[in-house]
1. Could you list, in sequence order, all residues of segment 123-139 that are without any contact (Cβ under 8 Å) to a residue 60 or more places away in the chain and buried (at least 16 other Cβ atoms within 10 Å of the Cβ)?
2. So which residues in segment 131-149 are at negative phi, out of contact with any helix residue (DSSP H, G or I) (no Cβ under 9 Å at 6 or more places or on another chain) and not polar (S, T, N, Q)?
3. If the Cβ limit is 7 Å and pairs must be 6+ apart or interchain, which residue in segment 140-162 that is surrounded by 15 or more Cβ atoms within 10 Å (Cβ to Cβ) pairs with which residue that is at pLDDT below 95 and in a strand (DSSP E or B)?
4. Take segment 183-199 and flag every residue that is touching a Phe, Trp or Tyr at 6+ places or on another chain (Cβ under 9 Å) and of a type in the set (Val, Ile, Thr).
5. Counting only residues that are basic (Lys, Arg) and not in a loop (DSSP other than H, G, I, E, B), how many does segment 97-136 have?
6. Conditions first: (1) touching a Pro at 6+ places or on another chain (Cβ under 8 Å); (2) of a type in the set (Val, Ile, Thr); (3) modelled with pLDDT of 95 or more. Val193 passes all but one, so which condition is the exception?
7. Taking the options Ala180, Ala139, name whichever one is out of contact with any Phe, Trp or Tyr (no Cβ under 9 Å at 6 or more places or on another chain) and either not in a loop (DSSP other than H, G, I, E, B) or not assigned by TED's automatic domain parsing to the domain that holds Tyr120 (or both).
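The values are calculated or read from the model by the stated rules, or taken from the named source; none is laboratory data. Since the model is a prediction, treat every value here as computed from it, not as a measurement. Note: ideal-geometry Cβ built from the backbone for every residue, glycine included; neighbour counts use all protein chains shown.
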Amino acid sequence: MNTESVYFRYLSPENYYHFLVYMLSNLRFIDCTNIKYVFMQHLLPHLCKRSYVDELLCCFFPKLEQIASVLEIPDNCINLQYIPNPDTFTRDDHYTKESYIFLREKLLPFIQAYKPAEVYDKIYISRSRATKRKIINSADFEKYLQMQGFHILYLEDLGAIEQMAYFYNASVIISPHGAALTNIIFCKEGTQVIEIASEKMSSMKHFSHIAESLNLNYSINTRVITYSDSVDSNMIICF
């Protein structure tokens, strides 16, 4: 077996949560030390920046030289096995505590070594640029939060380790339901996390399970949310 290459067999991940947790957490089952070549069934077009993917993969594979898209597994290549199997994994399922701990322990040294220009104690993750699940009156809501001492973050402007570092250094985080909340894996124990979601979305326990597994102070705000439509799940928040 060629231990210098690994193959990610998976349908194109929809977002950051799928990439980080569904794919990268399974690297705990292989020796990444000498991996030089990464082959993927898809090159993750749904993630906003290719450089973002490269940055994370370099954290796991210190000798990485090439990332390529291939439809079938190359000869003598480690075929990454997924636990649980994504073919049978449902939208409502959550992953395992072990996967969160692996990701945290692997990436935390890179996060702690990163020195952001500013450190913010209270952050709000804006989805105002998103096409769905965004707060329609976000401008007024964000202005209100700024008056309460919150810094507004647009994660699409940030690199991988950079955005993780903001979560790591914050003690209070507010965010609408979305894959960006995967970053709470890197929060310190006891961090207050408030997820804004409708009653419909509150049935998905991805982020509450991460918070419970890592001893975060999690709550969900569903009482002040109303749907503006039934297609994009956009919301109006009363405050």
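1. Kept after step one, since they are without any contact (Cβ under 8 Å) to a residue 60 or more places away in the chain, are these residues of segment 123-139: 123-130, 138-139.
Scanning segment 123-139 gives Ile123, Tyr124, Ile125, Ser126, Arg127, Ala130, Ser138.
2. Lys132, Lys134, Ile136, Ala139, Asp140, Phe141, Glu142, Lys143, Tyr144, Leu145, Met147
3. Here the result reads Phe141/Ile135; Phe141/Ile237, each pair linking segment 140-162 to a residue that is at pLDDT below 95 and in a strand (DSSP E or B).
4. Result: Ile184, Ile185, Thr191, Val193, Ile194.
5. Taking segment 97-136 and keeping what is basic (Lys, Arg), we get 97, 104, 106, 115, 122, 127, 129, 132-134.
Restricting the remaining residues to those that are not in a loop (DSSP other than H, G, I, E, B) gives 97, 104, 106, 122.
The qualifying residues number 4.
6. For Val193, the failing item is (1).
7. Residue meeting the stated conditions: Ala139.
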